[in-house]
Amino acid sequence: MTLLDVAGLSVRRADGRDLVRDLSFTLGPGERLGLIGESGSGKSLTALAVMGLLPAGMTAHGSVRLAGTQVVGARDKELDRVRGRTVGVVFQEPLTALDPLMRVGRQIAGPLGRRRGLRGAPLRAAVAAALDEVRLPESLARAYPHEISGGQRQRVAIAMALACEPEVLIADEPTTALDVTVQAEVLSLLDRLVAERDMALLFISHDLAVVADVADRVIVLKDGSGVESGRTRDIVREPRHPYTRALVDSARALEGALDRLAP
Amino acid sequence: MRGRPAFVIGCVLAGLILAMAAVSLVWLPYDPSDTTGGRLAPPGGGHLLGTDKLGRDLLTQLMVGARIALTVGIGSVLLGAVLGVTAGLLAGFASDWLDDALSAALDILIAFPTLLLAMLVVAAREASLGSAVLAIGLAMSAIVARLTRVLVKRVLAQDYITAARTSGTSWPRVVIEHVLPNIWPTLLVNLSLQLGLAVLAEASLSYLGLGPPPPNASWGRLLQEAQATVLTAPLGAVAPGVLLVVLVVGVNLLADGFRDLADPTRRRSR
Ligand SMILES: Nc1ncnc2c1ncn2[C@@H]1O[C@H](COP(=O)(O)OP(=O)(O)OP(=O)(O)O)[C@@H](O)[C@H]1O
Ligand SMILES: [Mg+2]
């Protein structure tokens, strides 16, 4: 069974230019796919197209099937049923992904209450459980986003994305805005949660080392087109496209520099 | 409220005018049209603040003026807010042609001088409080609409809106839970600013003789009436001016205080 089936997806701007061109991939339960590419290559637009949430003026072409539901051309009402339940998203910028005027607990309670029909004490308990699952204390529920750290905010965002127990998780550069130690914590948290729930993961990043750590398969995106795809291991060992080779080389160079400093 | 001197001062200043207006409803030192006080009587004696050139009690006139100022301010803000916020929300959510059409209409309305609009309304109706409220409220609605539109567009571009949408939150819910709470603090501050401006605008209208005449005159009209005698009886001109400033400053300080209360990122923990 495929949970996410993207075939010939293009994202077109109002002026007719394609920002994403003819992209295809599938994702089944428990699979982890990495989407890697430089800044502006169309990674976030791909994620938004999968959700049917492209910015105004952009249109998706081709086919995106989420657990059997066609997203391209579907009406918002139909998609609201799929969003959250079938697929959840964690964004790049943890500060702006949370409503600054709403306490953290309420933000998690929103999707929880709607999807599971909880209210009052059971809802509060569910929020506490959701916080506990991302290793945050229950007391954090009363904090506002600006009162907690970047790493904590990203954990809250993960808790929100997982609140409705989606089958697919899209993580759009979830650790780019975090410093390295926090990055490792959040990554291992994501890794554990995805494994525990046997979720499918679409992991977006511009960092090959991070993708190699998380994803089994990878698609390399350049200027909106997939230039190479395959098993992560194969691609790291034998990159075929020049752009992929450059990515691997620069990742190696960084590692080499570290090795020379601390043999 | 502790540690918020500006908010407290705002309460006191605005409260003073509110109290004057409230008392004027049940009690006035003299009848507003009572001219038995003698011309330009000095302060003291039977007339706490003296009388005007027709012998009417100045304190009485000022109290009536407070009522008028608040009526104009609140009335035109209500009108401007209802029209403006509605149009602004429409334009903010609309795409393409509706947004363009509304924006163009707003730009024209904003470019139209308030005073000219007021004169047209007065010409079409009469020089009354209602005409002033109508003209000022209409002019204000364009400004409020444009602000609301920008605020809505800005909030809609935020990641947390997309995040809410990815979790399957419907549009109406997004508006109620995220858009409105995030725009109203700014709107509230702007509306109170507009309240002050509306009172000033009415004063200018009246000063030009476009407001209702005494004995039920606004502070602007009192200023105009007193300008000929400003050297012999300065209080007649100074007092309405001071009250205008008190109301406008008080309302603005209150607005800042409200915003601080509504915005947790500004609320200092202590
Ligand atoms: N709202 C928008 N309006 C117009 N163009 C946009 C919009 N969002 C993205 N683009 C354009 O689409 C292209 C792809 O953007 P996208 O956000 O998908 O890049 P990305 O791969 O996620 O980059 P990053 O790593 O910096 O997040 C860019 O060239 C960008 O200029
Ligand atoms: Mg991006």
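The values are calculated or read from the model by the stated rules, or taken from the named source; none is laboratory data. Computed from a predicted model, the values in this text were never measured in an experiment. With ideal geometry, Cβ positions are generated from the backbone for all residues, glycine too; neighbour counts draw on all protein chains shown. The area values use the complete protein model at the heavy-atom level, side chains included, leaving out ligands, DNA and RNA. Shrake-Rupley method; radii C 1.70, N 1.55, O 1.52, S 1.80 Å.
Rounded if a/c is under 1.5, else prolate if a/b beats b/c, else oblate: with a ≥ b ≥ c from the C-alpha gyration tensor eigenvalues square-rooted, which is the range B:116-270? Spell out each step's value before the answer.
Details: a/c = 4.67, a/b = 2.04, b/c = 2.29.
Oblate shape, in that a/c is at least 1.5 and b/c is the bigger or equal ratio.
Which of the aspartates and glutamates could a cross-linker span from B:K53 if the Cα-Cα distance has to be under 19 Å and same-chain partners fewer than 8 positions apart are dropped?
Hits, sequence-local ones excluded: B:D31, B:D34, B:E225.
What Kirkwood hydrodynamic radius do you get for the range A:1-105 when you take the inverse of the mean 1/r over all pairs of distinct Cα atoms, in Å?
Answer for the range A:1-105: a Kirkwood hydrodynamic radius of 14.9 Å.
Give me the net charge for the shell around B:S95: Cβ to Cβ below 14 angstrom, other residues only, Lys and Arg +1, Asp and Glu -1.
Overall, the nearby charge balance is -2.
At A:D76 and A:S149, where each label point lies 7 Å from the Cα along Cα→Cβ, what is the point-to-point distance in nanometres?
3.8
For a quick check: with amide H placed at 1.01 Å from N, whose amide H comes under 5 Å from A:E228's, ignoring anything fewer than 5 positions away on the same chain?
For A:E228, whose amide H was placed from the backbone, the distant partners under 5 Å are A:V220.
Take every residue in peptide A:84-92, count the Cβ atoms of other chains within 10 Å of its Cβ, and give the average of those counts.
3
On a C-alpha basis, how far is the centre of the range A:170-214 from the centre of the range B:2-34 in Å? Whole number, if you could?
Each part's Cα centre sits 61 Å from the other's.
Which cross-chain or sequence-distant (5 or more) residues have an amide H under 5 Å from the amide H of A:R83, H modelled 1.01 Å from N in plane?
Excluding prolines and chain starts, which carry no amide H, there are no hits.
Restricting to DSSP loop positions (anything but H, G, I, E, B) with no more than 15 other Cβ atoms inside 10 Å of their own Cβ, which trypsin sites (Lys or Arg not before Pro) remain in the range A:182-263? Display every interim value, and only then the final one.
Details: sites: A:R192, A:R197, A:R217, A:K222, A:R231, A:R233, A:R237, A:R240, A:R245, A:R252, A:R260; in loops: A:R240.
When the trypsin sites (Lys or Arg not before Pro) of the range A:182-263 are filtered for loop state and at most 15 Cβ neighbours within 10 Å, A:R240 remain.
Test of the criteria: in the range B:19-98, which chymotrypsin sites (Phe, Trp or Tyr not before Pro) are in a DSSP loop and have at most 13 other Cβ atoms within 10 angstrom of their Cβ?
Counting only loop positions with at most 13 other Cβ atoms within 10 Å, the chymotrypsin sites (Phe, Trp or Tyr not before Pro) in the range B:19-98 are B:W27.
Provide the buried accessible surface between chains B and A in square angstrom, both chains summed, 1.4 Å probe, rounded to the nearest 100.
For chain B against chain A, roughly 2000 Å² becomes buried.
By the scheme Lys and Arg +1, Asp and Glu -1, what is the net charge of all other residues having a beta-carbon under 10 Å from that of A:Q92?
Once all neighbours under 10 Å are counted, the net charge is -3.
Could you tell me which of rounded, prolate or oblate describes chain A, using a ≥ b ≥ c as the square roots of the eigenvalues of the alpha-carbon gyration tensor, with rounded for a/c under 1.5 and, failing that, prolate when a/b is larger than b/c and oblate otherwise?
Oblate, because a/c is 1.5 or more while a/b does not exceed b/c.
With θ taken as phi - 60° and the coefficients 6.51, -1.76 and 1.60, list the Karplus ³J(HN,Hα) couplings across the range A:2-16 in order, rounded to whole Hz; mark glycine and proline as x.
9, 8, 10, 10, 9, 9, x, 6, 10, 10, 10, 7, 4, 7, x
Residue-wise, which Karplus ³J(HN,Hα) couplings in Hz belong to the range A:153-159, taking 6.51 cos²θ - 1.76 cosθ + 1.60, θ = phi - 60°, and x for glycine or proline?
In residue order, the calculated couplings are 4, 5, 5, 4, 4, 5, 4 Hz.
Have a look at the DSSP beta bridges in chain A and tell me what percent are antiparallel, nearest 5.
Details: 21 of 42 bridges.
Percent antiparallel among DSSP bridges in chain A is about 50.
How much mean residue ellipticity at 222 nm does chain B get from its helices, if each DSSP H run of length 4 or more adds -39500 (n - 2.57) and you divide by all residues, to the nearest 500 deg cm²/dmol?
-24000 deg cm²/dmol
Counting pairs of alpha carbon atoms under 8 Å apart in space and at least six apart in sequence, what relative contact order in percent does the range B:193-236 give?
Relative CO of the range B:193-236 lands at 28 percent.
Quick test of the membrane-span-like rule: which DSSP H helices of chain B reach at least 24 Å along their long axis (C-alpha atoms) with mean Kyte hydropathy at least 1.6?
Membrane-span-like by this criterion, though nothing is claimed about a membrane: B:5-26, B:58-93, B:235-262.
Given the Cα-Cα distance of B:D34 and B:V150 and 0.36 nm per residue of separation, how much length would full extension add, in nm?
That pair, B:D34 and B:V150, stretches by 36.6 nm at full extension.
What is the local net charge at B:K153, summed over the other residues whose Cβ is closer than 14 Å to its Cβ (Lys, Arg +1; Asp, Glu -1)?
0
List the lysines whose Cα sits under 19 Å from the Cα of A:K222, skipping any in the same chain fewer than 8 residues away.
Leaving aside lysines fewer than 8 places away in the same chain, those within reach of A:K222 are A:K43.
Kindly state, to the nearest 0.05, the FRET efficiency for A:S188 paired with A:D22, given R0 = 41 Å and r defined as their beta-carbon distance.
The formula returns an efficiency of 0.75 here.
From the square roots a ≥ b ≥ c of the eigenvalues of the alpha-carbon gyration tensor of the protein assembly as shown, which class results: rounded (a/c under 1.5), prolate (a/b over b/c), or oblate?
Prolate, because a/c is 1.5 or more and a/b exceeds b/c.
Residues of the range A:100-234: accessible area per residue at 1.4 Å, in Å²?
Working: 5660 Å² over 135 residues.
Result: 42 Å² of accessible area for each residue.
Can you give me the % of accessible surface on chain B that is carbon or sulfur? Probe 1.4 Å, all protein chains present, nothing else counted. All intermediate terms of the calculation are to be shown ahead of the outcome.
Working: 8710 of 12620 Å².
With neighbouring chains kept in place, the figure for chain B is 69 percent.
Taking only DSSP H segments of four or more residues, each worth -39500 (n - 2.57), what value at 222 nm results for chain A once the sum is divided by all its residues, to the nearest 500 deg cm²/dmol? Intermediate results must be reported in sequence, preceding the final value.
Numbers: 9 runs with 107 residues, N = 263.
Mean residue ellipticity, 222 nm, calculated: -12500 deg cm²/dmol.
Assuming R0 = 25 Å, what is the FRET efficiency of B:S204 and B:V82, from their Cβ-Cβ distance, to the nearest 0.05?
FRET efficiency, B:S204 to B:V82: 0.60.
Where does the range B:8-95 land on the Kirkwood hydrodynamic radius, alpha-carbon pairs, in angstrom?
15.4 Å is the Kirkwood radius here.
Measuring with a 1.4 Å probe in the full set of protein chains, what accessible area per residue, in whole Å², belongs to the range B:126-270? Let's see the in-between values first.
Working: 5970 Å² over 145 residues.
Ligands and nucleic acids excluded, the figure is 41 Å² per residue.
Report the label-to-label distance for B:L16 and A:T2 in nanometres (one decimal), using points 7 Å from each Cα along the Cα→Cβ vector.
For B:L16 paired with A:T2, the spin-label model returns 7.5 nm.
Could you derive backbone 3J(HN,Hα) for the range A:92-103 from the dihedral phi with the Karplus parameters 6.51, -1.76 and 1.60 (θ = phi - 60°), listing whole Hz in sequence and x where the residue is Gly or Pro?
Values, residue by residue: 5, 9, x, 6, 7, 7, 10, 5, x, 9, 10, 4 Hz.
For the pair B:R4/B:Q227, report the inter-label distance in nm, with labels modelled 7 Å from Cα in the Cβ direction.
3.9
Express as a percent, rounded to the nearest 5, the fraction of DSSP beta bridges in the protein assembly as shown (both residues included) that run antiparallel.
For the protein assembly as shown, the DSSP antiparallel bridge percentage is about 50.
In percent, what relative contact order does chain B have, based on Cα pairs under 8 Å that are 6 or more apart in sequence? Let's see the in-between values first.
Numbers: 403 pairs, mean separation 67.6, N = 270.
For chain B, the relative contact order is 25 percent.
Go ahead and collect, in residue order, the members of the range A:194-220 whose backbone nitrogen is under 18 Å from a label point 7 Å along the Cα-Cβ direction of A:A246.
Under cut-off, by backbone N: A:205-209, A:219-220.
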